[in-house]
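All remarks here apply to the structure that follows.
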Amino acid sequence: MGNKINPLGFRLGFTQNHRSFWFEERDYSEDLREDEKIHNCIRNYVRHINIKASSNYGGITRIDSNYGGITRIDIMKKSELIQINICIGFTDLFIKKQEQKKEKKIKQLRDEVENMLVPNIINSVDRKLLISIEKVDKPYREPNILAEYIALQLKERVQIKKIMRKVFELAEEADVKGIKIQIKGRLNGIERARKQSAMQGRVPLQTLRAKIDYCYYAVQTVYGVLGIKIWIFV
């Protein structure tokens, strides 16, 4: 069962916590839709400013993907407050070193989210919006960051075995105990879709007390859509 179910939901309450904290009795679907809008708005904003930036993505390649270096977004909703915590791998991609520019970027992001929430008068009226940014200490322990790197290399038509070797090196430098990668689709442009996977170290998917991070990422290439799955045993 541990190999078929989503490992994050499987470990909820053991080693994983909820990423949205709120309570709703009647309009649950509206709040759920609001969370999705917040996620999409933040990722689109970060992707937009990162595409214009000329900085390197962790010294590897330029950023050009959906996450934009974001590892997770935590949302906490109260009666008079919406608190959003953005965990990001490389802060120099999102904010500059100057404190003034940092505050400007956060204010622009807050305005974007507020404008998006304005039509939803039922849930967003008279609620203050608070956004904070947290830097991840070891970015290459995050499956989202590694999935972005794989997607960028696949777009450039790099050999899959070479990509996986590089990802294993990055994960080993980040002191992970195990990593499993699975890529599926028309690999290298062949007519029939196939699956290629590789693993290094231990990835105990059946053990609930094992802290495992998981990511699914879809990338559009000239040959079609490729699916990337990454499991990391932290």
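The values are calculated or read from the model by the stated rules, or taken from the named source; none is laboratory data. Predicted model, so just to flag it, every value in this text is computed and none were measured. For neighbour counting, all protein chains shown are included, and Cβ atoms are generated from backbone atoms with ideal geometry for every residue, glycine included. The protein model used for the area step is the full one, side chains on, heavy atoms only, and it has no ligands, DNA or RNA in it. Shrake-Rupley method; radii C 1.70, N 1.55, O 1.52, S 1.80 Å.
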* Asked: What accessible area per residue, rounded to a whole number of Å², is obtained for region 142-184 using a probe radius of 1.4 Å?
  -> 48
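For the peptides 146-157, 177-188, 32-43, what is the packing order when you average, over each peptide's residues, the other Cβ atoms within 10 Å and list the highest mean first? Kindly include the intermediate steps, with their values, before the conclusion.
Working: 146-157: 19.9, 177-188: 18.3, 32-43: 15.8.
Highest mean packing first, the order is 146-157, 177-188, 32-43.
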* Asked: Separation between the D35 and D137 pseudo-spin-labels, each 7 Å from Cα along Cα→Cβ, expressed in nm?
  -> 2.8
* **region 111-234, accessible surface, carbon-and-sulfur percent (1.4 angstrom probe)** => 47
* Asked: Could you give the distance between the Cα centres of region 191-234 and region 129-169, to the whole Å?
  -> 12
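What pairs in K135/K161; K155/K195; K162/K184; K77/K229; K4/K78; K166/K195 have C-alpha atoms more than 24 Å from each other? List each step's numbers first, then the result.
Working: K135/K161 30 Å; K155/K195 17 Å; K162/K184 16 Å; K77/K229 30 Å; K4/K78 35 Å; K166/K195 19 Å.
Long pairs (Cα-Cα over 24 Å): K135/K161; K77/K229; K4/K78.
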* **Separation in nanometres of the label points that stand 7 Å from Cα toward Cβ, at K104 and Q182** => 4.6
* Asked: For the modelled label position 7 Å from the Cα of Q83 along Cα-to-Cβ, which residues of region 27-43 have backbone nitrogen atoms closer than 14 Å?
  -> none
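Between rounded, prolate and oblate, where does region 158-233 land on the alpha carbon gyration tensor, with a ≥ b ≥ c its root eigenvalues, rounded for a/c under 1.5, else prolate if a/b exceeds b/c?
Details: a/c = 2.56, a/b = 1.79, b/c = 1.43.
Taking the square roots of the gyration eigenvalues as a ≥ b ≥ c, region 158-233 is prolate.
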